Amino acid sequence: MFIADAHCDTLYAIAIEGTRPESCVVTPERMAAGGVGLQTFALFCGKHGPAGTPYADALAMLNVAGQAGVPILTGDLPDAPPQAPTGVFSCEGGEMVEGSLERFHEFQRKLRLRMIALTWNFENEIGHPAAEGPKGGLKPFGFELLKAMDAEGVLADTSHLNEAGFWDVCERAALPPIASHSDCRWLCDVPRNLRKEQVKALVERGGFIGVNFYSCFLREDGRATLDDAVRHIDELCALGAEHVVGFGSDFDGIESWPEGLGHPGQFGNLLDALRRRGYTEAQLEGIAGLNLWNLLKRAEAARRA
Ligand SMILES: [Zn+2]
């Protein structure tokens, strides 16, 4: 079964934290063992907000991208989902473009970003983070960037964005909005998770929700098990998200995870749990990878049109 993951911080771990590639959670060996065909590798540039050096950090991560050990696609996606471990680029923290559309296009030419998380946990040139409360929508540059992203087939990732910004994206983005690594807020009340109305909006737009494996986003007491991950997927599907839900593991960016869900070789444990719960093979194929893959293909087609 083709497995895709919408978010990991492996390039940050290698380039900025100095983790040796073989000591990362996401490795080519584990991807192959788990059947992961597509891993989204984030350029995580938001750690210090615009006060840091997001552009330089992005270049540092790009420099080590080869050390991830899998080919990262910077052109059109193949017709069929890749069988062997492959990567694509995303951005986490839109301050990476430092308020410049030119920089966005420069990255786009080099990397073919598939999605941009507009903020991390700090206010930037684009908008405001969930970490700082629900108020304050996208800024003028945010709307400009959104338009450029739409034209380039880059999905707006609302994970980390606050609620006012989320609704601005839903209203203004031509491409379906996504939340690459967020869970259900009504099951675990943290600002990084989605409210039911937000989930319904993403379902309506045909977007994507990547379930985050961080224990503290799955359960408020942080003692999450595989069953909690199943529960979040159940609740999303109960709101109609069957064709919208998938994985956003956040590997190499989280400190705790359910036992049996700690690295790319273990996606199968979650799929087995869902299978036992009664999900059909067709549903599992969507959740495992095709929901994300199909959206990426649609975004690419929109770019060409
Ligand atoms: Zn994140």
Kindly establish whether residue 28 is out of contact with any strand residue (DSSP E or B) (no Cβ under 6 Å at 6 or more places or on another chain) and within 16 Å of the ligand (Cβ to nearest atom).
-> no
Scanning segment 164-200 for residues that are among the basic types (Lys, Arg) and more than 15 Å from residue 239 (Cβ to Cβ), the one surrounded by the most Cβ atoms within 10 Å (Cβ to Cβ) turns out to be 192
All positions within segment 136-164 that are within 16 Å of the ligand (Cβ to nearest atom) and part of a loop (DSSP other than H, G, I, E, B) = 158, 159, 160, 162
Determine which member of the set 94, 66, 87 is touching a strand residue (DSSP E or B) at 6+ places or on another chain (Cβ under 9 Å), within 30 Å of residue 137 (Cβ to Cβ) and not hydrophobic (A, V, I, L, M, F, W, C).
-> 94
What are the residue pairs meeting all of these: first residue in segment 115-144, first residue without any contact (Cβ under 8 Å) to a residue 24 or more places away in the chain, second residue assigned to a loop (DSSP other than H, G, I, E, B) and within 16 Å of the ligand (Cβ to nearest atom), Cβ atoms under 7 Å, and 6 or more apart or on different chains?
-> 139/126; 139/127
Considering residues that are part of a helix (DSSP H, G or I) and touching a residue at least 40 places away in the same chain (Cβ under 8 Å), the number found within segment 238-250 is 3
Mind listing just one residue for me: the one in segment 122-131 that is assigned to a loop (DSSP other than H, G, I, E, B) and of a type in the set (A, V, I, L, M, F, W, C) and, of those, nearest to the ligand (Cβ to nearest atom)?
-> 122
In segment 76-94, anything of a type in the set (Asp, Glu) and in a loop (DSSP other than H, G, I, E, B) is listed as 76, 79
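The rows are residues; the columns are (1) in contact with a Lys or Arg (Cβ under 9 Å, 6 or more places away or on another chain); (2) acidic (Asp, Glu); (3) surrounded by fewer than 24 Cβ atoms within 10 Å (Cβ to Cβ); (4) part of a loop (DSSP other than H, G, I, E, B).
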{"position": "1", "(1), (2), (3), (4)": "no, no, yes, yes"}
{"position": "18", "(1), (2), (3), (4)": "no, no, yes, yes"}
{"position": "38", "(1), (2), (3), (4)": "no, no, no, no"}
{"position": "43", "(1), (2), (3), (4)": "no, no, no, no"}
{"position": "56", "(1), (2), (3), (4)": "no, no, yes, no"}
{"position": "74", "(1), (2), (3), (4)": "yes, no, yes, yes"}
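To keep it simple, each residue is scored yes or no on (1) within 16 Å of the ligand (Cβ to nearest atom); (2) crowded, with 20+ Cβ neighbours inside 10 Å; (3) of a type outside the set (A, V, I, L, M); (4) at pLDDT below 95.
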| site | (1), (2), (3), (4) |
| --- | --- |
| 224 | no, yes, no, no |
| 233 | no, yes, no, no |
| 248 | yes, yes, yes, no |
| 252 | yes, yes, yes, no |
| 268 | no, no, yes, no |
| 272 | no, no, yes, no |
Of the residues in segment 256-280, those that are without any contact (Cβ under 8 Å) to a residue 12 or more places away in the chain and either part of a helix (DSSP H, G or I) or within 20 Å of the chain's Cα centre (by Cα) (or both) number 3
Picked from segment 95-107 (must be assigned to a helix (DSSP H, G or I) and surrounded by fewer than 20 Cβ atoms within 10 Å (Cβ to Cβ)), the residue nearest to the ligand (Cβ to nearest atom) is 103
Unmet criterion (only one of (1) touching a helix residue (DSSP H, G or I) at 6+ places or on another chain (Cβ under 7 Å); (2) small (Gly, Ala, Ser); (3) under 25 Å from residue 265 (Cα atoms)) for residue 46 = (3)
Is it the case that some residue within segment 195-217 is touching a Leu at 6+ places or on another chain (Cβ under 7 Å), within 21 Å of residue 133 (Cβ to Cβ), more than 16 Å from the ligand (Cβ to nearest atom) and not in a helix (DSSP H, G or I)?
-> no
Restricting attention to segment 37-76, and to residues there that are of a type in the set (Val, Ile, Thr) and away from the ligand (no atom under 15 Å from the Cβ), which single residue is nearest to residue 112 (Cα to Cα)?
-> 74
Check on residue 119, over 27 Å from residue 286 (Cα atoms), within 16 Å of the ligand (Cβ to nearest atom) and crowded, with 20+ Cβ neighbours inside 10 Å | yes
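The values are calculated or read from the model by the stated rules, or taken from the named source; none is laboratory data. This is a predicted model, so every value here is computed, not measured. Cβ coordinates were reconstructed from backbone atoms using ideal geometry, including for glycine residues, and neighbour counts include every protein chain displayed.
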